[in-house]
Amino acid sequence: MLEVARHAPSGGFSQGFDFIAQPDKLQFGMDKEENWPVPFWTVDTSMAIMLILLASVNEGLGAWYFGITRGEHDVVRELGVPPSCTMLGVIALGYPSSEDKPRGSVFTIRRRPFEEMFHIGRW
Ligand SMILES: Cc1cc2nc3c(=O)[nH]c(=O)nc-3n(C[C@H](O)[C@H](O)[C@H](O)COP(=O)(O)O)c2cc1C
């Protein structure tokens, strides 16, 4: 499971995630919403995006997520999105061409090793 996590998509293949295997959630007060350092809904939406990408591949489609860095306000206004919502990015879908030869980012940037990304008990 942890090995699969190393292959999660990341902006610019930055791989800016680390995981600490820590069995005691309550000790750190992580059972209370107000103690969360990031909004629930950002994480929730990111998880939903990942599921859409995986489901798309399962259906034989090509799927791609990209962040939007400009023009966001025009897009959400055009789409009638309520002002209380924040756009997290775009999911693009298509049919892969038989001539496509996708090359992962790992061909140009080193993937962080397992030992660097996963910490047992503490960092
Ligand atoms: C937050 C985020 C933003 C991303 N933005 C872009 C993007 O703007 N353009 C793009 O081509 N890919 C984008 N990606 C995809 C990443 O470049 C890709 O997942 C990462 O480099 C791993 O590459 P691989 O799946 O080919 O191994 C984004 C991924 C994430 C998670």
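Screening the range 1-96 for strands (runs of 3 or more DSSP E) wholly inside it with 2 or more residues that are within 12 Å of the ligand (Cβ to nearest atom) and in contact (Cβ under 8 Å) with a residue 24 or more places away in the chain returns the ranges 62-66, 90-94. Exactly one residue out of SER56, SER46 is farther than 28 Å from TRP123 by Cα, among the small types (Gly, Ala, Ser) and modelled with pLDDT of 95 or more: that is SER56. If you go through the range 101-115 and keep only what is surrounded by 10 or more Cβ atoms within 10 Å (Cβ to Cβ) and either without any contact (Cβ under 8 Å) to a residue 12 or more places away in the chain or farther than 17 Å from ALA8 by Cα (or both), you end up with just GLY104. When you look at ALA5, is it touching a strand residue (DSSP E or B) at 6+ places or on another chain (Cβ under 9 Å), among the aliphatic types (A, V, I, L, M) and closer than 22 Å to HIS119 by Cα, yes or no? In short, yes.
The values are calculated or read from the model by the stated rules, or taken from the named source; none is laboratory data. Everything numeric in this text was worked out from a predicted model, so none of it was measured. No Cβ is skipped: glycine too gets one built from the backbone with ideal geometry, and neighbour counts run over all protein chains shown.
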